[in-house]
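The next block holds one structure in the form of structure tokens; read it before the comments.
Every number here is computed from the coordinates shown, using simple stated rules; none is lab data. Just so we're clear, the structure is a prediction, and the values are computed from it rather than from any experiment. Cβ atoms come from the backbone with ideal geometry, glycine included; neighbour counts cover every protein chain shown.
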Amino acid sequence: MLMRAPKESGSWSWNLEDVEEPGLEFALMTAARMSAVLEKHALLVPASLEWDWFQTGRGGLGVHSRLNLARRSLDEPALPDALRACRPTGHPQAEIGGILVLGSGTWFDADGERHREYRLVELMVAPYETDLWIELSVHHDIWGQCDFRGEPHPATHANNAPRLASALQELDQVLAVAAEPGEPTYYGQAEGYGLSAPDIIDGRGPDLTDTTWG
């Protein structure tokens with residue numbers, strides 16, 4: 001089993017500015033294009049969407065929705081209306097916030113054996129009035145040079161990190177915008193198309209398991 005950190009070990013974001021037709025339709029179409037890249041690299045097969053509702057002038061409403069995709073695709077023309085149909089009846093002015101695309105991906109252990117993992121990578125698309133903000137995040141240690149206990153795992157890293165790097169580079173091309181590395185957390189930091197190298201002392205990296213894990 002993989003250990004999943006309570007916060008991301010790396011994240012990358014894109015901001016598409018001055019979108020010609022911003023809004024939910026464009027956000028889902030962009031998510032579909034990105035998911036096609038991630039699925040090609042066996043990193044994410046979309047299975048469901050989750051989002052919160054907010055109201056202008058009031059902020060978040062504390063209401064959360066989830067829609068299972070089943071056999072539906074993210075670029076299905078009827079999908080935006082299916083999301084809008086989930087609007088809470090007590091809040092007719094509610095708007096959809098950031099949409100999290102959830103599903104499973106494939107990782108490889110040190111022996112090259114394949115494993116499926118739910119939420120191996122997470123994709124978030126957040127439509128704004130004129131822009132679309134996007135974030136891709138990872139929460140596991142297979143993308144780094146050491147596991148979360150500080151043990152170097154070069155074979156596991158070599159079997160996984162290059163796929164993530166290739167996908168991120170391809171996403172830059174698809175979006176025509178370069179990814180911006182996200183803020184560092186206790187569990188890691190994005191650097192370029194991978195995670196920054198840890199400080200190695202006496203052959204080991206830092207032990208990151210000394211905090212509360214979910």
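Which residue, chosen from 162, 184, 198, occupies the Cα position most advanced towards the positive end of the dipole of the range 148-214, where the dipole is computed from +1 (Lys, Arg) and -1 (Asp, Glu) charges on Cβ about the Cα centre?
Most positive-ward Cα: 162.
I'd like to know how the range 126-201 sits against the 2.2 N^0.38 Å rule of thumb: what's its Cα Rg over that expected value? Show your work: numbers first, answer last.
Values: Rg = 14.1 Å, N = 76, 2.2 N^0.38 = 11.4 Å.
For the range 126-201, the normalised Cα radius of gyration is 1.24.
Given 101, 91, 51, which one lies farthest toward the positive end of the charge dipole of the range 50-123, if we put +1 on the Cβ of every Lys and Arg and -1 on the Cβ of every Asp and Glu?
Among 101, 91, 51, the one farthest towards the positive end of the dipole of the range 50-123 is 91.
Per residue, what volume in Å³ does the Cα convex hull of the range 1-126 take up? Please list the in-between numbers first.
Values: hull volume 17.9 nm³, N = 126.
Enclosed volume per residue, from the Cα hull, is 142 Å³.
Quick check: pseudo-label points 7 Å beyond the Cα along Cα→Cβ at residue 71 and residue 19, how many nm apart are they?
Inter-label distance under the simple model: 2.9 nm.
In what sequence, highest mean first, do 135-141, 62-68 appear when ranked by Cβ atoms within 10 angstrom?
Working: 135-141: 24.0, 62-68: 13.3.
Top to bottom by mean Cβ count within 10 Å: 135-141, 62-68.
For the pair residue 84 and residue 56, how long in nm is the line joining their label points, each one 7 Å along Cα→Cβ?
It works out to 1.5 nm between the two label points.
Quick check: pseudo-label points 7 Å beyond the Cα along Cα→Cβ at residue 202 and residue 109, how many nm apart are they?
2.9 nm
Output ³J(HN,Hα) for the range 108-123: one whole-Hz value per residue in order, computed from phi by the Karplus curve 6.51 cos²θ - 1.76 cosθ + 1.60 with θ = phi - 60°, and x for Gly and Pro.
10, 7, 4, 8, x, 7, 7, 9, 9, 9, 5, 6, 4, 10, 10, 10
Could you give the dipole magnitude of the chain about its Cα centre, charging the beta-carbon of Lys and Arg +1 and that of Asp and Glu -1, in debye to the nearest 20?
Values: 16 positive and 33 negative charges, 165 e Å.
About 800 debye.
Can you compute 3J(HN,Hα) from phi for each residue in the range 68-85, using the Karplus curve 6.51 cos²θ - 1.76 cosθ + 1.60 with θ = phi - 60°, rounded to whole Hz and x for Gly and Pro?
6, 7, 6, 9, 7, 9, 5, 9, 5, x, 7, 5, x, 5, 5, 5, 5, 5
Residue by residue through the range 177-193, which ³J(HN,Hα) values in whole Hz follow from phi under the Karplus form 6.51 cos²θ - 1.76 cosθ + 1.60 (θ = phi - 60°), with glycine and proline marked x?
So the Karplus estimates, Gly and Pro as x, are 9, 7, 5, 9, x, x, 5, x, 10, 4, 9, x, 8, 6, 8, x, 9 Hz.
When the helix-only estimate is applied to the chain (DSSP H runs of n ≥ 4, each -39,500 (n - 2.57), divided by the residue count), what is the mean residue ellipticity at 222 nm, nearest 500 deg cm²/dmol? Could you put the intermediate results ahead of the total?
Values: 3 runs with 45 residues, N = 214.
Rounded to the nearest 500, the figure is -7000 deg cm²/dmol.
Can you tell me the relative contact order of the chain? Whole percent, Cα pairs under 8 Å, sequence separation 6 or more. If you can, show how the numbers build up before the last one.
Numbers: 436 pairs, mean separation 65.8, N = 214.
Answer for the chain is 31 percent.
I need the P(r) histogram for the chain: all alpha carbon pairs, bin width 5 Å from 0 out to the longest distance, whole percents.
Whole-percent P(r) values from 0 Å outward: 1, 7, 14, 18, 18, 15, 11, 8, 5, 2, 1, 0.
For Cα pairs less than 8 Å apart in space and 6+ apart in sequence, what is the mean separation divided by the residue count of the range 29-77, i.e. the relative contact order in percent?
35 percent
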